[in-house]
């Protein structure tokens, strides 16, 4: 749990920890705490405590497969924008919780978009259902590179040396 503490916020982290501890006691009859064995280092963090209602709303929408109307403010932007979205997946990348959505446009054209959850100003679940596209595969979409940004691919040759070479060698 220590690895997720900074993501969940105090309230949700406490709830999750208590639930795990109760289950451990029920399964083994012994209350143990391994929290002294684990820690998490992060350079700067986002406190997700104020966004727990947003996260819970997103989870409800994902489970019900309902379209959401949301207001979002991009970083460094002075104005908010309203979107109609089909939530696809909540995920964590570089100490930030993201929401991967299919953005619905008035023209019925759809685009995949990433939204930082802490930049969602408001979110409402509609009564309209949606289906996740059959060809949607989160792992193929994101976990085939070192980051979350996806653009047209192009051929490059890179030579890593010393520490960078060892770091890259440990990862796929």
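The values are calculated or read from the model by the stated rules, or taken from the named source; none is laboratory data. Keep in mind that what you see is a predicted model, and the values were worked out from it rather than measured. Glycine gets a Cβ as well: all are built from the backbone with ideal geometry, and neighbour counts include every protein chain shown.
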Any idea how many residues of the range 15-53 are part of a helix (DSSP H, G or I) and either modelled with pLDDT under 80 or surrounded by 15 or more Cβ atoms within 10 Å (Cβ to Cβ) (or both)?
15
Taking into account only those residues within the range 58-72 that are in contact (Cβ under 8 Å) with a residue 60 or more places away in the chain and closer than 14 Å to residue 101 by Cα, which is nearest to the chain's Cα centre (by Cα)?
58
Can you find a residue in the range 93-113 that is surrounded by 15 or more Cβ atoms within 10 Å (Cβ to Cβ) and in a loop (DSSP other than H, G, I, E, B)?
no
For the list (1) surrounded by 15 or more Cβ atoms within 10 Å (Cβ to Cβ); (2) over 13 Å from the mean Cα position of the chain (by Cα); (3) in contact (Cβ under 8 Å) with a residue 40 or more places away in the chain, I need the number of the one condition that residue 75 fails.
(1)
